[in-house]
Amino acid sequence: MEKINRRNALGLVAQWSAASFIPFSWLLEGCAKDSNPSLLNHEYQSLLAVIVEIILPETPTSPGAKEANVQHFIGLIVEDCYEIERKDRIIIGLNQLLSSGFLDLSEEKQYDFIAKIDEEANSPTSTTPSYFKDLKSLTQWGYFSSKIGIMEGLRYNPIPGTYKGCVTYTNEIAWY
């Protein structure tokens, strides 16, 4: 058996006091059922896929936001970068859409429903922040920063050539 001297005793006291500051809830956190819903689950992803396709639909010249997987981008950004209040606002808004049977509506009624939400969100009399404004800006950010959005949605020119400062405008489509 080892002799206990002052150095060993102080070391043991320091270890025990340091261990007492560790909350044991951290150890059990992985065992608890997640009460905070994730935007990365299948239900939210299918809803977001419909919404982003309504916001930026497929056209004959470029694919839509759904094909660019913008719904995954939104889920990741909201999960990892948004503060709790904004994340909760988006989740509450999406839950309202799910509970209203949005996914069961026809495409035309879904479009009308989203148009109504967009109109309410951009109303000059609206005083509360809307989750839809966040979804719309995230959709645009995700699409126009994706490879599909840059290469096919925008006029991407990898080698732009020389700079011409004064060029007459011919009503052509801008880069974005």
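Bear in mind these aren't lab numbers, they're just calculated from the coordinates by the rules spelled out. Computed from a prediction, not measured in an experiment: that's the story for all the values here. Cβ atoms come from the backbone with ideal geometry, glycine included; neighbour counts cover every protein chain shown.
Per-structure values
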| read-out | value |
| --- | --- |
| ³J(HN,Hα), Karplus 6.51/-1.76/1.60, whole Hz, each residue of the range 9-15, x for Gly, Pro | 5, 5, x, 5, 4, 5, 5 |
| Proxy reagent accessibility, fewest Cβ within 10 Å first, across 98, 56 | 98, 56 |
| Amide H partners (placed H, <5 Å) of residue 64, local residues excluded | 58, 59 |
| Kirkwood hydrodynamic radius over Cα pairs of the range 37-153, then Stokes diffusion coefficient at 37 °C and 0.692 mPa s, in µm²/s | 226 |
| Lysine pairs in the range 37-153 with Cα atoms under 25 Å, if 8 or more residues apart or on separate chains | 15 |
| Per-residue ³J(HN,Hα) for the range 82-87, Karplus 6.51 cos²θ - 1.76 cosθ + 1.60, θ = phi - 60°, Hz, x for Gly and Pro | 7, 6, 4, 4, 5, 4 |
| Long-range amide H partners of residue 130 with built H, under 5 Å | none |
